Amino acid sequence: MTTEKGSISIHTENIFPIIKKFLYSDNEIFLRELVSNAVDAVQKIKRLAALGQYNGEVGEPLVQVSLDAAAKTITISDNGLGMTADEIKKYINQVAFSGASEFVEKFKDAKDANEIIGKFGLGFYSAFMVADLVEIQTLSYQEGASPAKWICDGSTEFEISQGNRTTRGTSIILHVNAESEEFLSEHKLQEILDKYAKFLPVPIQFGTKSEQEADGEDEEGKPKYKTVEVPNIVNTTNPIWTKAPADLSDEDYLAFYKELYPFSEDPLFWIHLNVDYPFNLTGVLYFPKLKEDFDMQRNKIKLFSRQVFITDEVKDIVPEFLMLLHGVIDSPDIPLNVSRSFLQADGNVKKINSYITKKVADKLAELFNKDRKGFEEKWTDIGLFVKYGMISEEKFYEKGKDFALLTNTKGEHFTLEEYKEKIKAVQTDKNGALVYLYTTDPEKQDGFIQAAEKRGYDVLVMNSPIDGHFVSSLEQKLEKTVLKRVDASVTNKLIEQDETLESVLSEEQSTAIKGIFEKAITKPGYTVEVIGLSPDDSPVTITMDEFMRRMKDMAKMGGGMSFYGNMPDSYKVAVNGNHKLVAKILASADEAEQSKFAKQAVDLALLSQGMLTGPELTAFVSRSVELI
Ligand code: ADP
Ligand code: MG
C-alpha cells in the first residue's frame, strides 16, 4: 500500500483550533465519543456475524482504554469490525460539514460542545479537543483487508498509510496536548468512564486490578493464595433497565438504586418503563423519600442513549413536577450528542414527556387500588408529587383526582369524592356551597380546631409546602366549594348558615365595649367588632381574613403577590357580646380595671394562637400574676 496524503474535506483552513477553542468547557466528552464508537464497532461485527455476513471468529467483545502517561498517550481500542483505508476516507475524512461558513455562523450561539458536535456529526473529531495528533490503527473484518493507519496533526492535512494492526478492530491513539494533561491521570480517566461508560453494553477495560487467586495448598494443607493482575472492567453490561420486569426482584431494584445513589435511603416504590412505539424508551424511575431541601434532590434522573450516559439534566423529557424522581431513562431516539435546544424542539421528547406523566399516574392509581393502606402510609411523600402534578398539569389532575388524598386532623384519609360525601351534611353553607376547613398548623391553631370540631366540623391538615397552592387549585376545580383556614373567622361564621345568634348587648353597650377594647389594644392593624356568639365560645377571637392571608402566604413564597406582601398584617378582634366577661367589664365602674380585663382577654386569644411574644408576653405574665 502506498502512502496517500490529502485534505480533509471541509472548506475551511483550519477547523480544529476552532473546535478546540469553543469546545473547551466540556472536553471530557472526547472519551465518551471514542468509547461509544468502539462499542458501536463491536456491536456491528456481532450483527454482521449474526446475519451471516461475517464468518470469522467474533471472539469476546472488548473495548480497552489505556493510558501511557510517560508517552502522553491515551489509546481506545476495540475488536470491532475495523475499517479499510477507503472506509476511513469515507467515514473519517469527509466530515459532515455542509460548509465552514455555516459552521462559523452556527457555533456563534452554541452553548456547549454537545450542541456543536451534535449538529455537525463531529463525534470522532472531538478527539482534537484534547490531542495534537490523532492516529488510527485499524484492520477491517473484510476478507483480504490490509491494516490501515491514519494520522492527523490537527491541521486539515492527513496521511493514510500501511498500518500495523494484526487483529481485527481499531485503535485510536491520542497524543494528548499540553493544555489537556489533566487527562493523563488514571484517576481522571476512571472518573470520566464512571460517568459515561458505567452501563455500556460491551465490557470496557481500563487497566488492571489485583485479585487473590487460589494457589494450591501449603504444607499444612491450608489453601494458599497468590496475587494476580486481572483486567479491570469498569462497567455493568446488563443494567436492570435492559431486562424484563418479570425477571427482576425488589432486591434487584433496590440494589440498583443503591448503586446509583449510594448514600440514599431506600425509595418508596419504582416504575419500570418500557415502550417501543411510537418511540423507544426503557428505564426505571424511583420515588424517593423527600427531604426538606428539594433543590439538592433535583437532576437525579440520568438520561442514556443505548446505555451511553448523556446527561442528568432531563428538564424537557421529564415533566417539571416529576423532576424530584430518581432513576434512569434510556432512549435511542435521543441522539448521543443531544443539546438543550434539540430537546426542546424534538417531537419525540414531547411524547416521552407525556408518556412518563401517564405511566406515573397509572402506577399511582394501581398502588392506590391494590393497596390503599400502603398508599396512605406513603402519602406524606407521594402527596407532594401528586399535588404538584395536579396543580401543574391538567392531564395529571384528571387522573390524580381519583387517588389524591385529603388528611384530617385525626389522621384519616379521604379521596376528594369521599370527603365531599363525608362533610356534605354539616358543612354546606346557606348558599349551598361546601366549605372545607383546614389548618396549616395544628399546634398553633388548636383553639380554632377544637372550636370547629365542637360544632361537628371536620378539619383538614394542609401543612406541606405545596398545600397553599393546592388549596387554591382545589377551589378552582371543585364545584361550589370553598376552602377556609380554620382561623379565617370566628368559628360560627366559617360556614354561614341561617341561624344567627344576636348579641344580648344594646347598641350603647356594644359601642362602649368596642371603645374599651380599642383603647386596650395598642398594636396597629387590629380592628374590633362586637358580635353575638354562644356564651360558651371564647370571649375574644382574633382572625385574619382568608383572602388576605392567602395572598400574603403566596407573596412569601414568591408568587408575584408582592403588593400584598408589603401590606401590614391586619387582624379582626371579635368580641363575644354574649360572654359573661363582657358583662363583667360593663358592670365595672373602674376604667383601669375595664382596660385590664380587655387586655387580658385579647392577650389570651393571642396566646392561644402563638402570637403573643416579647415584652407583650412579659407584661401579660405579670398582669396575670397580679390578677390572681
Ligand atoms: P458517528 O459515530 O455519529 O457516526 P463519528 O464521528 O463518531 O460519528 O464516527 C464517524 C464514523 O467513523 C462512524 O460512523 C464509523 O463508521 C467510523 N468509526 C469511528 N470509530 C470507529 C471504530 N472504532 N471502529 C470502526 N469504525 C469507526
Ligand atoms: Mg460516534
- Task: Using only C-alpha positions, report the orientation-averaged shadow area of the convex hull of the range 173-220, nm², one decimal.
- Result: 6.4
- Task: Would you mind working out the magnitude of the charge dipole of the range 240-374 relative to its Cα centre, with +1 at each Lys and Arg C-beta and -1 at each Asp and Glu C-beta, to the nearest 20 Debye?
- Result: 320
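Could you pull out the pairs from Lys420/Lys552; Lys395/Lys493; Lys351/Lys387; Lys399/Lys420 whose alpha carbons sit more than 25 Å apart here?
Lys420/Lys552; Lys395/Lys493
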- Task: Tell me which residues come under 5 Å, amide H to amide H, from Ser503 once H is placed; ignore anything under 5 positions away on its chain.
- Result: Gly532
- Query: Over the chain, what is the percentage of antiparallel beta bridges among all DSSP beta bridges, to the nearest 5?
  - Reply: 75
- For the chain, the charge dipole (Cβ of Lys, Arg +1; Cβ of Asp, Glu -1; about the Cα centre) points to a positive end, and the Cα of Leu325, Leu416, Leu260 closest to that extreme belongs to Leu416
- For the modelled label position 7 Å from the Cα of Lys401 along Cα-to-Cβ, which residues of the range 416-431 have backbone nitrogen atoms closer than 11 Å? 416-417
- Cβ-derived FRET efficiency at R0 60 Å, Ser472 paired with Glu219, nearest 0.05: 0.15
- Task: Pull up all non-local amide H partners of Asp333: gap of 5 or more, or a different chain, and H-to-H distance under 5 Å with H placed in the peptide plane.
- Result: Asn280
- Dipole of the chain, positive end: most advanced residue of Val130, Gly383, Pro201 [Cβ charges, Cα centre]: Gly383
- Message: Along its three principal axes, how long is the range 446-585 when you only count alpha carbons? Whole Å, largest extent first please.
- Response: 46, 35, 24
- Work out, step by step, the length gained on full extension between Lys519 and Glu182: first 0.36 nm times the residue separation, then minus their alpha carbon distance; give nm to one decimal. 113.8 nm
- Task: Please get the size of the charge dipole for the range 404-494, origin at its Cα centre, with Cβ charges of +1 on Lys and Arg and -1 on Asp and Glu, quoted in debye to the nearest 20.
- Result: 340
- Query: In cubic angstrom, how much convex hull volume per residue do the alpha carbon atoms of the chain span?
  - Reply: 261
- Task: Sequence neighbours fewer than 8 away in the same chain don't count; with that in mind, list the lysines whose C-alpha is under 17 Å from Lys519.
- Result: Lys572, Lys596, Lys599
- Full extension between Glu159 and Val621 adds, at 0.36 nm per residue less the Cα distance, a length in nm of 157.0 nm
- Message: At q = 0.13 Å⁻¹, what log₁₀ I(q)/I(0) does the range 240-374 have when each alpha carbon counts as one equal point scatterer in the Debye sum?
- Response: -0.54
- Put +1 on the Cβ of every Lys and Arg and -1 on every Asp and Glu Cβ in the chain; which of Val540, Ser305, Thr73 then has its Cα farthest towards the positive end of the dipole? Val540
- Portion, in percent, of the accessible area of the chain that falls on carbon or sulfur, probe 1.4 Å: 50
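Throw me the Rg/Rh for the range 404-494, computed over C-alpha atoms with Kirkwood Rh, two decimals.
Numbers: Rg = 12.0 Å, Rh = 13.1 Å.
Rg/Rh for the range 404-494 comes to 0.92.
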- Note on the structure: Taking 0.36 nm per residue of separation between Thr227 and Glu508 and subtracting their Cα-Cα distance, the length gained on full extension comes to 91.0 nm
- Task: Return, for the Cα atoms of the range 475-527, the radius of gyration and Dmax in Å, separated by a comma.
- Result: 16.3, 46
- Message: With a 1.4 Å probe and all protein chains left in place, how much accessible area per residue does the chain have, in Å²?
- Response: 49
- Message: Let me spell out the model: positive unit charges on the Cβ of Lys and Arg, negative unit charges on the Cβ of Asp and Glu, origin at the Cα centre of the chain. What dipole size does that give, in debye rounded to 20?
- Response: 1220
- Message: Can you give me the long-range amide H partners of Lys302? Hydrogens built in the peptide plane at 1.01 Å from N, cutoff under 5 Å, separation of 5 or more residues or another chain.
- Response: Gly327, Val328, Ile329
- Task: Please find the FRET efficiency linking Lys358 to Thr613, where r is the Cβ-Cβ separation and R0 is fixed at 51 Å, and quote it to the nearest 0.05.
- Result: 0.55
- Query: Over the range 449-498, what per residue volume does the convex hull of the Cα atoms give, in whole Å³?
  - Reply: 87
- Obtain the nm distance between the two label points defined at Thr236 and Ser392 by a simple spin-label model: each point lies 7 Å from its Cα along the Cα-to-C-beta direction. 2.8
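The values are calculated or read from the model by the stated rules, or taken from the named source; none is laboratory data. As the structure is a computational prediction, the values presented were derived from the model and not from experiment. Positions of Cβ are generated from backbone atoms using ideal geometry, with glycine treated the same way; all protein chains shown enter the neighbour counts. Just the protein is used for accessible areas: all its heavy atoms, side chains included, with ligands, DNA and RNA removed. Shrake-Rupley method; radii C 1.70, N 1.55, O 1.52, S 1.80 Å.
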